[in-house]
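Data first, discussion second: the structure below is written as structure tokens.
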Amino acid sequence: MTEYKIEARTYYSKITTNKNHIVESSSEEIQDLLNQYADEGWRLASTDATSFGLAVYVYLYFEREAPAT
């Protein structure tokens, strides 16, 4: 049986001339999260993102095979 987990992160835009500031500021946090989940046996299955106002919402969808009971 497959287990699923969703991790959501919120990042806020700021006034800057760097259009990639959210990607640059969130990359380390997301990489750490991916490493943590990988260590626990999770696999990143899909991603999604949406924005509303000044916020960007990033959704990470993980899956893994459930341990046999």
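The values are calculated or read from the model by the stated rules, or taken from the named source; none is laboratory data. Being a predicted model, the structure only gives us computed values, none of them experimental. Using ideal geometry, Cβ is built from the backbone for each residue, glycine included, and neighbour counts are taken over all protein chains shown.
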Matching residues, the range 1-24, being in a loop (DSSP other than H, G, I, E, B), touching a residue at least 24 places away in the same chain (Cβ under 8 Å) and of a type in the set (A, V, I, L, M, F, W, C) = 1
note = Considering the range 51-69, residues that are more than 27 Å from residue 1 (Cα to Cα) and among the hydroxyl-bearing types (Ser, Thr, Tyr), and then whichever is nearest to the chain's Cα centre (by Cα), we arrive at 57
note = Selection from the range 25-50 of residues more than 14 Å from the chain's Cα centre (by Cα) and either more than 14 Å from residue 3 (Cα to Cα) or in a strand (DSSP E or B) (or both) yields 39
task = Tell me which residues, restricted to the range 51-69, are outside any strand (DSSP E or B) and among the β-branched types (Val, Ile, Thr).
result = 69
request  = Please state which of the following conditions residue 12 fails to meet, knowing it meets all the rest: (1) surrounded by 13 or more Cβ atoms within 10 Å (Cβ to Cβ); (2) of a type in the set (Phe, Trp, Tyr); (3) at pLDDT below 95.
outcome  = (1)
inquiry  = Cβ contacts < 6 Å: first residue over 30 Å from residue 68 (Cα atoms), restricted to the range 29-56; second residue outside any strand (DSSP E or B), any location; separation 6+ or different chain. Result?
reply    = 54/13; 56/22
request  = Name the single residue, out of those in the range 42-69 being in contact with an Asp or Glu (Cβ under 8 Å, 6 or more places away or on another chain) and farther than 30 Å from residue 21 by Cβ, that is modelled with the lowest pLDDT.
outcome  = 66
